[in-house]
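Participant: This is the structure I want to talk about, given as structure tokens.
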Amino acid sequence: MMILPILKFPDERLRTKASEVKMVNNEIKTMVKNMFETMYASDGIGLAATQIDQHLRVMVMDVPDSGEDYQLLLKNRENKHNKPLAKKHPLCFINPTITQKDGKEMHTEGCLSVPGYYAEVERFNHIVIEALDQNGKAFTLEARNLLAVCIQHELDHLQGILFVDYLSKFKQKRLLEKVKKTDKR
């Protein structure tokens, strides 16, 4: 496995809309493993392929202690009784689509592509998402709280949207100035 470079704001490649994955092959599986490795090495809880300059609809996450915040809705051999999985569980979403959402709340967000900056963003607190896993198997997942927020945050990346886009123009301008000032050092 390999730790990959993460694009940093304001890199325009972060604005690229991701394409659908046509087939989950060995190349995609390797990319997913590298994304997990990169996310863990960066102390993140989520990473979209766009952030590593791979513009495919793939995202990974591992939200600590999220076991109570999600359930696999599509029963399968690994989860016959539809019980929440482990306290810490790596999740991969390929070609994800939100099918239900409700319960808006403000949440503090950060981003591996905007290091050191946090802001309040309004997100849905409850979602249902359909996707393929890293082996190409379809699943449906109901998520709440931080996991639901993380999924929405990473989905935005796949659309070329950053969490800072939800901020006022004034705050966006100040952040850009701060980033440019830091880059000059």
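Derivation of every value follows stated rules applied to the coordinates shown; laboratory data play no part. Everything numeric here is computed off the predicted structure, so don't read it as measured data. Glycine gets a Cβ as well: all are built from the backbone with ideal geometry, and neighbour counts include every protein chain shown.
Participant: On a 25 Å Cα-Cα criterion, which of the cross-link pairs K8/K171; K17/K173; K101/K169; K8/K169; K33/K137; K101/K173 come out too long?
Facilitator: K101/K169; K101/K173
Participant: Net charge near M35: determine it from the other residues with C-beta under 15 Å of the C-beta of M35, scoring Lys and Arg +1 and Asp and Glu -1. Could you put the intermediate results ahead of the total?
Facilitator: On the way: positive: K29, K33, R57; negative: E27, E37, D43, D53, D62, D133, E154.
Overall, the nearby charge balance is -4.
Participant: For a quick protection proxy, order the peptides 160-166, 170-176, 109-115 by their average other-Cβ count within 10 Å, most packed first. Walk me through the numbers on the way to the answer.
Facilitator: Numbers: 160-166: 18.0, 170-176: 13.0, 109-115: 19.9.
Ranked by mean Cβ neighbours within 10 Å, highest first: 109-115, 160-166, 170-176.
Participant: Another question, if that's okay. Dipole magnitude of the chain about its Cα centre, charges +1 at Lys/Arg Cβ and -1 at Asp/Glu Cβ only, in debye to the nearest 20? Could the numbers behind the result be given before it?
Facilitator: Details: 28 positive and 25 negative charges, 73 e Å.
Dipole magnitude for the chain comes out near 360 debye.
Participant: Provide the net charge surrounding F93, with neighbours chosen by a C-beta distance below 10 Å and charges set as Lys +1, Arg +1, Asp -1, Glu -1.
Facilitator: Here the count lands on -2.
Participant: If each residue of separation counts as 0.36 nm, what is the full-extension length gain between E37 and E105 once their alpha-carbon separation is subtracted? Mind dumping the intermediate values first?
Facilitator: Working: separation 68, 0.36 × 68 = 24.48 nm, distance 3.05 nm.
Computed gain between E37 and E105 is 21.4 nm.
Participant: If you don't mind, another one. What is the sum of charges, Lys and Arg at +1 and Asp and Glu at -1, for the other residues whose Cβ falls under 15 Å from the Cβ of L158? Intermediate values should be presented prior to the final figure.
Facilitator: Working: positive: R13, R15, K17, R57; negative: E20, D53, E130, E154, D156, D165.
It works out to a net charge of -2.
Participant: Taking only DSSP H segments of four or more residues, each worth -39500 (n - 2.57), what value at 222 nm results for the chain once the sum is divided by all its residues, to the nearest 500 deg cm²/dmol?
Facilitator: Taken over the chain, the calculation gives -8000 deg cm²/dmol.
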